[in-house]
Amino acid sequence: MSKYIKFFLVGIFFGIVLVKSEAVSWYRIYEMFKFQSFHMFGIIGTAVATGVIILLISKARKVKNTEGTDLKVPLKARGFTRYILGGTIFGLGWALSGACPGPMYILIGTGAFSILVVIIGALIGTYFYGLIMKKLPH
């Protein structure tokens, strides 16, 4: 259990950063989807750039993962339709709820308990996907 405390602490830090940067603000997300502000695009772009840089540095220094093996980024299957459809569903859910999966839990910590309805819906949707996953074209 004690080996997971570092992940818990990183999660708390991540939550604080998202709240302070207003990345969990429904108004910021609304501005983003209406292309009225660069704020969220800047946060997302910075996160992607930071992730790429950290991954490249980690690979160059031969950093091991939690299982002790070399870091490997699995190649994604090619396919236009699956990513357009999945991205559209994800984007619609994000736009309608005002939160993507990570910040949904952070919003509970800020006292926005109405997000529990969205979390329950996300869990039901994930469960339903698990039931029909083998019948879908992947």
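What follows draws every value from the coordinates through simple rules; no lab data is involved. All figures in this text were calculated on a predicted structure; none of them were measured in a lab. As a convention, Cβ positions derive from the backbone with ideal geometry for all residues, glycine included, and neighbour counts pool all protein chains shown.
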Q) If R0 is 35 Å, what FRET efficiency do you get for residue 105 and residue 135 from their C-beta distance, rounded to 0.05? A) 0.70
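Let me spell out the model: positive unit charges on the Cβ of Lys and Arg, negative unit charges on the Cβ of Asp and Glu, origin at the Cα centre of the chain. What dipole size does that give, in debye rounded to 20?
On the way: 15 positive and 4 negative charges, 125 e Å.
Using Cβ point charges on Lys, Arg, Asp and Glu, the chain gives about 600 debye.
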**Q.** ³J(HN,Hα), Karplus 6.51/-1.76/1.60, whole Hz, each residue of the range 68-84, x for Gly, Pro
**A.** x, 9, 5, 5, 9, 9, x, 6, 7, 5, 6, x, 7, 4, 5, 6, 5
Q. Based on the Cβ-Cβ distance of residue 73 and residue 20, what FRET efficiency does E = 1/(1 + (r/R0)^6) give at R0 = 25 Å, to the nearest 0.05?
A. 0.30
Q: Determine which lysines satisfy two conditions relative to residue 3: a Cα distance under 17 Å, and not lying fewer than 8 residues away in the same chain.
A: 64
Q. From the phi of every residue in the range 49-64, what ³J(HN,Hα) in whole Hz does the Karplus formula 6.51 cos²θ - 1.76 cosθ + 1.60 yield, where θ is phi - 60° and glycine or proline is x?
A. 4, 4, x, 5, 5, 5, 5, 5, 5, 5, 5, 5, 8, 6, 5, 8
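Just want to confirm a number: the relative contact order over the chain, from Cα pairs under 8 angstrom separated by 6+ residues, in percent.
Working: 56 pairs, mean separation 31.6, N = 138.
Once normalised by length, the contact order is 23 percent.
So, counting K/R as plus one and D/E as minus one, what does the shell of residues with Cβ under 14 Å around residue 63 add up to?
Residues close to residue 63 contribute a combined charge of +3.
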Q: Excluding residues on the same chain fewer than 8 positions from residue 135, give the lysines whose Cα lies under 24 Å from its Cα.
A: 76
**Q.** Added length on full extension, which subtracts the Cα-Cα distance from 0.36 nm per residue, residue 112 to residue 83
**A.** 7.4 nm
